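Before any comments, here is the structure.
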Amino acid sequence: MATRKVTINRENKDRLFNFIFGRKENQKWTLQLYNAVNHSNYRKPDEIKFNTLDNFLYVSMKNDTSFIFAGCMNLFEHQSTYNPNIPVRLMQYIAQLYEGYIVDNKLDKYGETLIELPVPRLVVFYNGEEDIRDEVLLNLSDSFDKRLCEKADIEVKVRMLNINAGHNKDLMEACKPLSEYSWFVETIRQHKKTMSLEDSVTQAIQGMPDSYEIKSFLKLHLAEVNSMLSMEYQEKNAKDLIAKANFKKGKESRDKEKITEMLKDGKTPEAIADFCKYPLEQVKKVQEELLAEV
């Protein structure tokens, strides 16, 4: 059988969530998280099998924790920004994970015998600043034409769990490291209002109660934690700038359409500027472009 070639982007860095819950040394925390999400009581963390190859993830994602346990293919992802397109993304990721599973277990997907696959469990842990419910079910079919949804031959369901302070109390109580992670992120968020990110991280760790399980781990890996969070905030800022630029571009396009329509109706640039509160130079520029087209 041909050897599968797995493409790994070695430039990708871990996200803090996966750094905490996706490491073999922290399997007990991964198991707590699994039990909390699934209302189960498994007690053997060594049975968790992370989806890795040469210590790199099969899927070149930076913020996922993927592992096989109790007959399930678990894909846990952390998000600090609400994204309604998560089902289609996780469908693509889980397909890659299944491909790896089939090859690693030498299964014949073209044979006459039905192959047995672990059950997919897709969960997103959300701790962004947008206010959402404790649990939101996102469906791939939400993206389909509503008139044709009933004819769809595939569905993907993703549970989004809000892990901000004050949300999902039972979940947090069932998984202490998750509650501590939530506290840590929120504390950094508050500190960043008055200090640098690096100082915010240091202050958050120093102020973390000694009873917190993840404290010693974070202190031991302080440099990596700073690096990961710095990258996360940089990416978030970049996305915010892109969103603002797209909004501005869309507004400019709508303004131009409105000015064009009013000019064609015979309104003067001065009247349009006064009525719509646009700069007169902006209106005259649109007028010049219209005249140039004639």
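The values are calculated or read from the model by the stated rules, or taken from the named source; none is laboratory data. Everything quoted here is computed from the prediction, not taken from an experiment. Using ideal geometry, Cβ is built from the backbone for each residue, glycine included, and neighbour counts are taken over all protein chains shown. Only protein heavy atoms, including side chains, enter the accessible area calculation; ligands, DNA and RNA are left aside. Shrake-Rupley method; radii C 1.70, N 1.55, O 1.52, S 1.80 Å.
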Review point. What about Glu232, is it closer than 27 Å to Glu135 by Cα, open to solvent by less than 40 Å² (accessible area, probe 1.4 Å) and of a type in the set (D, E, K, R)?
Key: yes
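Could you check the stretch 238-262 and list, in sequence order, the residues that are at pLDDT 85 or above and either open to solvent by less than 100 Å² (accessible area, probe 1.4 Å) or closer than 30 Å to Thr81 by Cα (or both)? Even if it seems obvious, please write down each step before you answer.
Start the filter on the stretch 238-262 by keeping residues that are at pLDDT 85 or above, which leaves 257-262.
Across the stretch 238-262, the qualifying residues are Lys258, Ile259, Thr260, Met262.
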Revision key, fill the gap. Restricted to the stretch 39-86 and to residues being modelled with pLDDT of 95 or more and assigned to a helix (DSSP H, G or I), the residue least open to solvent (accessible area, probe 1.4 Å) is Pro45
Practice item. Restricting attention to the stretch 274-294, report how many residues are modelled with pLDDT under 85 and open to solvent by less than 50 Å² (accessible area, probe 1.4 Å). Key: 2
Exercise for review: For the stretch 120-130, state whether one or more residues are assigned to a loop (DSSP other than H, G, I, E, B) and surrounded by 11 or more Cβ atoms within 10 Å (Cβ to Cβ).
Suggested key: yes
Check your understanding: Which residue pairs have Cβ atoms under 7 Å apart, sit 6 or more places apart or on different chains, and have a first residue in the stretch 144-156 that is without any contact (Cβ under 8 Å) to a residue 24 or more places away in the chain and a second that is in a loop (DSSP other than H, G, I, E, B) and of a type in the set (Phe, Trp, Tyr)?
Key -> Ala152/Phe144
Check your understanding: Quick one: how many residues across the stretch 22-38 are under 18 Å from the mean Cα position of the chain (by Cα) and modelled with pLDDT of 95 or more?
Key -> 2
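Within the stretch 131-140, can one find any residue that is among the polar types (S, T, N, Q), modelled with pLDDT of 95 or more and either surrounded by 11 or more Cβ atoms within 10 Å (Cβ to Cβ) or not in a loop (DSSP other than H, G, I, E, B) (or both)? Before the answer, list the steps.
So the first thing to find is which residues in the stretch 131-140 are among the polar types (S, T, N, Q), and the list is 139.
Filter again for modelled with pLDDT of 95 or more, leaving 139.
So of that shortlist, the ones also either surrounded by 11 or more Cβ atoms within 10 Å (Cβ to Cβ) or not in a loop (DSSP other than H, G, I, E, B) (or both) come out as 139.
Checking the stretch 131-140: at least one residue is among the polar types (S, T, N, Q), modelled with pLDDT of 95 or more and either surrounded by 11 or more Cβ atoms within 10 Å (Cβ to Cβ) or not in a loop (DSSP other than H, G, I, E, B) (or both).
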Point to revise | Filter result for Ile214 (at pLDDT below 85 and closer than 24 Å to Glu129 by Cβ) | key: no
**Study point:** Condition met for Ser230 (of a type in the set (Gly, Ala, Ser) and part of a helix (DSSP H, G or I))
**Key:** yes
Practice item. Quick one: count up the residues across the stretch 21-33 that are among the hydroxyl-bearing types (Ser, Thr, Tyr) and open to solvent by 10 Å² or more (accessible area, probe 1.4 Å). Key: 0
Exercise for review: Can you confirm whether the stretch 106-124 contains a residue that is modelled with pLDDT under 95 and aromatic (Phe, Trp, Tyr)?
Suggested key: no
